[in-house]
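Peer 1: Before anything else, here's the structure in question.
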């Protein structure tokens, strides 16, 4: 009985250490880590790994900014909130799967796929 209790305690301890190791191995980095000396982020060079590795609220804010940037380039002055949130989620998922791609390239790929599929007319 004492042996089983010890094995159970060791197993729980190993699981706890494994979970702790998994979460600390994926340390999140705030977007402020990527700013220049003047506090700006060059959004054209940010990599998907940086988006995927930041805090969720930072990733949401950054993808919203990109959405506004692209809509501004297209001379659009409106937002479809549901579509925007879905697209932001797709960008983050794409970036997690393709960490070596620039964020603007990921957005370009997804926008082209969206246009080809005719998903949002």
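Peer 1: Out of all the residues in the range 79-89, which are over 9 Å from the mean Cα position of the chain (by Cα) and part of a helix (DSSP H, G or I)?
Peer 2: Of everything in the range 79-89, those that are over 9 Å from the mean Cα position of the chain (by Cα) and part of a helix (DSSP H, G or I) turn out to be 81, 82, 83, 84, 85, 86, 87.
Peer 1: If a residue must be in contact with a helix residue (DSSP H, G or I) (Cβ under 7 Å, 6 or more places away or on another chain), in a loop (DSSP other than H, G, I, E, B) and either without any contact (Cβ under 8 Å) to a residue 12 or more places away in the chain or farther than 17 Å from residue 106 by Cα (or both), how many such residues does the range 35-78 contain?
Peer 2: 1
Peer 1: If we scan the range 11-34, do we find a residue that is assigned to a loop (DSSP other than H, G, I, E, B), touching a strand residue (DSSP E or B) at 6+ places or on another chain (Cβ under 8 Å) and at pLDDT 90 or above?
Peer 2: Within the range 11-34, not a single residue is assigned to a loop (DSSP other than H, G, I, E, B), touching a strand residue (DSSP E or B) at 6+ places or on another chain (Cβ under 8 Å) and at pLDDT 90 or above.
The values are calculated or read from the model by the stated rules, or taken from the named source; none is laboratory data. As the structure is a prediction and not an experimental result, all values here were calculated from the model. Every residue, glycine among them, receives a Cβ derived from its backbone with ideal geometry; neighbour counts consider all protein chains shown.
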